Amino acid sequence: MRFRKDRVNFGDEEEYFAYLRDLMVSEQIEARGIKDKRVLEAMREVPRHLFVPSSLKERAYDDTPLSIGEGQTISQPYMVALMTELLRLQGDEKVLEVGTGSGYQAAILAKLAKYVYTVERIPLLADEAKKRLDELGVNNVQIVVGDGSRGLPQHSPYQGIIVTAGAPRVPEVLIEQLAEGGRLVIPVGSSSLQMLTVVEKERDKLTTREEGTCIFVPLVGKYGWQE
Ligand code: SAM
């Protein structure tokens, strides 16, 4: 047996990573209060180790964000689960993600919503993410290169919008692109610490609540931080 961990032998590498994935879900995600069964199932299924540089594969299921190059990161597994749960997806939504990064969050969303548009400002990261999603046969995600702080008006409105980079304030354009009954999940604050913020749009009335602090790389763009 080539793969052995916690006194368990594994037939192959995929079996080994599936084991690490189960541990990740039970110890980092369920243990911290994530309850949505569909979110837990998606986190058990998507092979996170294929979304990190090969040198970091062994650490893919650790309780931490990891570097993906270009000064950017794949978010901590718990943060991916929490932000996804906050969207309260049922399966028939059109979702916008701002900050494709590795494509991991988009792959999770693809299992939980009908269609996902995701915007990335760094072309190399967008290319790599597209290759990964194609290889995994994910066919309900479109990656767009551009400034996602402006949203993606041509496909709006969205029942869910998730911003995976820290913004100085909630961009008004993202609220405009939110459907009635839709939710926007976005880290808002300084460049070093943000508050995970949820905005709900109900009969044109907005409700905003805060879900705790978080640390994201900056949202760089017209309605984010200046370069
Ligand atoms: N969701 C990603 C994943 O699953 O790997 C992690 C995202 S990473 C924390 C933040 C990403 O947002 C980076 O890839 C960064 O280049 C991107 N970003 C920053 N500002 C952006 C903008 N205005 N539009 C689109 N992407 C942006």
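Please work out the FRET efficiency for the pair LEU23 and GLU211, using the Cβ-Cβ distance as r and a Förster radius of 35 Å; give the result to the nearest 0.05.
Efficiency for this residue pair is about 0.90.
Could you grab the relative contact order for the chain? Cα pairs under 8 Å, six or more apart, rounded to a whole percent. Please list the in-between numbers first.
Values: 468 pairs, mean separation 30.4, N = 227.
Dividing the mean separation by the residue count of the chain yields 13 percent.
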26 Å Cα-Cα reach of LYS94 towards lysines, excluding residues that sit fewer than 8 places from it in its own chain: LYS35, LYS37, LYS111, LYS114, LYS130, LYS131, LYS201, LYS205, LYS222
Estimated Rh, region 62-214: Kirkwood, alpha-carbon pairs, angstrom: 15.3 Å
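Relative to the Cα centre, what is the charge dipole magnitude of the chain, using +1 at the beta carbon of each Lys and Arg, -1 at the beta carbon of each Asp and Glu, and rounding to the nearest 20 debye? Display every interim value, and only then the final one.
Values: 29 positive and 34 negative charges, 32 e Å.
With only Lys, Arg, Asp and Glu charged at Cβ, the dipole is about 160 debye.
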Please name which of VAL25, GLY137, VAL199 has its Cα lying farthest along the dipole of the chain towards the positive end, using unit charges on Cβ (Lys, Arg +1; Asp, Glu -1) and the Cα centre as origin. VAL199
Considering only the chain, what is the antiparallel percent among its DSSP beta bridges, to the nearest 5? 50 percent
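Once the piece of chain linking VAL8 and GLU172 is laid out straight, how much longer is it, given 0.36 nm per residue of separation minus the C-alpha distance between them? Don't skip to the end; give the middle numbers.
Working: separation 164, 0.36 × 164 = 59.04 nm, distance 5.15 nm.
Full extension from VAL8 to GLU172 adds 53.9 nm.
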For the VAL145, ASP63 Cβ pair and Förster radius 35 Å, calculated FRET efficiency rounded to 0.05 is 0.70
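Grab the Cα-Cα distance for ASP204 and LYS37, subtract it from 0.36 nm times how many residues apart they are, and report the gain in nm with one decimal. Kindly include the intermediate steps, with their values, before the conclusion.
Details: separation 167, 0.36 × 167 = 60.12 nm, distance 2.99 nm.
Stretched fully, the ASP204-LYS37 segment lengthens by 57.1 nm.
No lab work stands behind these numbers, since they all come straight from the coordinates. Just so it is clear, the structure is predicted and the values come from calculations on it, not from any experiment. All Cβ positions, glycine included, derive from the backbone under ideal geometry; neighbour counts span all protein chains shown.
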